[in-house]
Amino acid sequence: MTCRVAFLVAALLLAGCASMTPAAPKASAALAPTAGNATTGTVAFTPNGDRVRVLAKVSGLTPGAHGFHIHDKGDCSAPDGMSAGGHFNPTGKAHGNPAAGEHHGGDMPMLEADASGNATLDVTLDTVTLGAGANGIVGRAVIVHKDADDYTTQPTGNSGARVACGVIAAA
């Protein structure tokens, strides 16, 4: 009887181990306000097949639309956020609307703040990855802009000042 119990326990342990899959890489950015601003929030990045799901929760915005981009450098040290560099653009495309046509890898849909200054965005991007390589975003920065993105003006969308910045770090 003891051998049967031991065999059963061993079989259950092996079955449990076989069904375990390695955790998918994840990343996140804590948004901090730039000088003179009050915008804060979090941005979570999780794999979704060969794409990346972005879930942003931001507060302290003026009501309305705000440009929201991944920027080239993971540096938020400048008081105005300019140390984050320009938009992340590994393929050399023109700035544009990520929902239609050509655009930078770092172009994302705008944040839409409600009357209380809160915005949530849940989008899946097919232009970036969480892994290494040219399209990898870990170590880069996320910027929230003061104004709406017109998706036309090159290379920034005329989104105005940077009101929050956060470095994307592996979670």
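The values are calculated or read from the model by the stated rules, or taken from the named source; none is laboratory data. This one's a predicted model, so the numbers in the text were calculated from it and none came from an experiment. We place every Cβ from the backbone using ideal geometry, glycine too, and count neighbours over all the protein chains shown.
Some values worked out for this structure:
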{"quantity": "Residue 28 being loosely packed, with under 12 Cβ neighbours inside 10 Å, under 22 Å from residue 138 (Cα atoms) and modelled with pLDDT of 90 or more", "calculated": "no"}
{"quantity": "Qualifying residue in segment 119-135 (condition: touching a residue at least 24 places away in the same chain (Cβ under 8 Å), within 22 Å of residue 60 (Cβ to Cβ) and part of a loop (DSSP other than H, G, I, E, B))", "calculated": "no"}
{"quantity": "Sole residue being at pLDDT 95 or above, buried (at least 16 other Cβ atoms within 10 Å of the Cβ) and closer than 15 Å to residue 33 by Cα, chosen from 84, 65", "calculated": "84"}
{"quantity": "Qualifying residue in segment 99-116 (condition: in contact (Cβ under 8 Å) with a residue 12 or more places away in the chain, surrounded by 23 or more Cβ atoms within 10 Å (Cβ to Cβ) and part of a strand (DSSP E or B))", "calculated": "yes"}
{"quantity": "Selection from segment 42-58 of residues that are polar (S, T, N, Q) and crowded, with 16+ Cβ neighbours inside 10 Å", "calculated": "46"}
{"quantity": "Condition met for residue 146 (basic (Lys, Arg), touching a helix residue (DSSP H, G or I) at 6+ places or on another chain (Cβ under 9 Å), surrounded by fewer than 21 Cβ atoms within 10 Å (Cβ to Cβ) and in contact (Cβ under 8 Å) with a residue 60 or more places away in the chain)", "calculated": "no"}
{"quantity": "Residues of segment 73-86 satisfying the condition of being part of a loop (DSSP other than H, G, I, E, B) and either in contact with a Pro (Cβ under 9 Å, 6 or more places away or on another chain) or closer than 14 Å to residue 163 by Cα (or both)", "calculated": "76, 77, 78, 79, 80, 81, 86"}
